[in-house]
Amino acid sequence: CLDGSPAGYYETSGGDGTRFIIHLVGGGACSSQATCAARAKTPLGSSDAWAAEVRANEDVAIYDSDILQPAGSDFADWTFISVMYCSGDGHGGNVT
């Protein structure tokens, strides 16, 4: 992270163990030393205030109740990973 704290992710393990949904949480880039220094004091630049654990369907948007349904859902046995954002950089791409 911008402030030197460790980056991290949250995981909800699925029963399959071979299928994953990886959510890269966004946050927007900083564009100067001053904006990066200011961002380093927030959850977008530091992991110090992140919760040790999150609850599915309540704390992280990717764990939407429309996706994580009881057995029978297309994604019921998948492992969900949310990679948190705290670096201030930007990435882009396109896959066809």
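The values are calculated or read from the model by the stated rules, or taken from the named source; none is laboratory data. Since we're looking at a predicted model, the values are computed, not measured. We work out accessible area using only protein heavy atoms, side chains counted, and drop any ligands, DNA or RNA first. Shrake-Rupley method; radii C 1.70, N 1.55, O 1.52, S 1.80 Å.
Key figures
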| quantity | calculated |
| --- | --- |
| Residues of segment 7-50 satisfying the condition of being under 18 Å from the mean Cα position of the chain (by Cα), of a type in the set (D, E, K, R) and part of a loop (DSSP other than H, G, I, E, B) | Arg19, Asp48 |
| Test set (1) open to solvent by less than 70 Å² (accessible area, probe 1.4 Å); (2) within 30 Å of Ala76 (Cα to Cα); (3) at pLDDT below 90 - Gly28 fails condition number | (2) |
